[in-house]
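The values are calculated or read from the model by the stated rules, or taken from the named source; none is laboratory data. Quick caveat, the model's predicted, so the values are computed rather than measured. In this analysis, Cβ positions are derived from the backbone assuming ideal geometry, glycine residues included, and neighbour counts consider all displayed protein chains.
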Amino acid sequence: MRRRLASSLTVKLLAGQLLVVIAGAGTLLLVAVAVGPGIFHRHVRDALGYVPPGVERHLNMAYNDATLISLGLAVGAAVLMALAVSALVSTRVVRPVKALANAAQKIAQGARNARVHARGTDELAQLAHSFNEMAGSLQQAEDMRRQLLADVAHELRNPLATIESYVEAFSEGVLPADDENWRAVRGETARLNRLVNDLQEVSRAEAHQLELNRTRVEITTVIQDAVRAAAPAFATKGVELEQDLPASTPVIDVDRERLAEVLANLLANALRHTPPGGQVRLHGAEAGQLAEIAVIDSGEGIAPEHLERVFERFFRADPARSRASGGTGIGLAIVRAIVEAHDGTVVATSDGLGHGATFTVRLPVASEPTADNRLISASPDQSTGAA
């Protein structure tokens, strides 16, 4: 059907060209027949005076023959030119459009790798480039969707298998239904619930559907609150947690609870990958129109090839270890989505395995406060120190 469409477009172009030629030829013939003889005869009489009838008849025949031959040659040349132009247009326009149509049909049928050859810099080439970029984005989205489904299925399979094995053991009397075994089952159900909640959270954030209740707050307050909330977990594992407050007190306009979730995820990630006796530092700074909050750890570090992927859903540089520690693999994806919802950025840096890692959140500094804005600031007696 696409080929018939392209062919009909070529035929329509040729028909249009021929119609113009025929209309022009008809106009020329009408002018030559209606106007030309009178003008010709007047010039002949002005030049020769009296013209005998025999001579006049030969002159009329010569005029008519010359007019018809000239008009025929002109029409023939115009038809040939129309054919050439139609062929050129067909090659330069119809074929690329046909290729685009065929590629679009293949993509619609599921062949996400369909592309068109882009040649030149004209509008059709730009259209081809745009089409290829769109096709690439669709293929990437499809690959991510398939990977996400596979990851979700994999993550659900383990806790479900554990729960199933406990239920089967309970029903067959292999294991007693005591508090310890029920605690293990509840742990797996909690893990499932956490996974579902995290998936819902990151999906809403990436779809820009998060409701942000923005409030002006100093980053010193944010840092101190995060350190205070995370201190017990760090003390339990034996990892030192420090806070490094900025000399100035930049103010940011954020959803305080969402930002607390960001820092909680970053601190939990740092704790997970820092061995006992290590150190994690929460550092605040102001860089021009940006406020920076960095989580710096002395833990395992990140391989260079993994730095660009750590914020992907379910990505784990060490899957077994992360799963054993209870992580869902979505925490950093949530971090990125929430930070971007605040018009900020988050980046990961590391000097390599064994050299620790740094996760830096950058958020715009708030404009001058107004009477309607409520500023949450740190208490005067709170100062820089270790948690």
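Apart from one condition, LEU210 fits all of (1) at pLDDT 80 or above; (2) touching a Lys or Arg at 6+ places or on another chain (Cβ under 7 Å); (3) not β-branched (Val, Ile, Thr); the exception is (1). For the range 46-65, filtering for residues that are surrounded by 13 or more Cβ atoms within 10 Å (Cβ to Cβ) and part of a helix (DSSP H, G or I) leaves 5. Just one of the listed residues (GLN139, GLN147) is at pLDDT 75 or above and under 19 Å from the mean Cα position of the chain (by Cα), and it is GLN139.
Checked against (1) modelled with pLDDT of 80 or more; (2) assigned to a loop (DSSP other than H, G, I, E, B); (3) within 28 Å of LEU156 (Cα to Cα), PHE315 passes all but condition (1).
Please state which one of VAL222, VAL239, VAL262, VAL251 is out of contact with any helix residue (DSSP H, G or I) (no Cβ under 7 Å at 6 or more places or on another chain) and either closer than 14 Å to ILE296 by Cα or surrounded by 17 or more Cβ atoms within 10 Å (Cβ to Cβ) (or both). Result of the check over VAL222, VAL239, VAL262, VAL251: VAL251.
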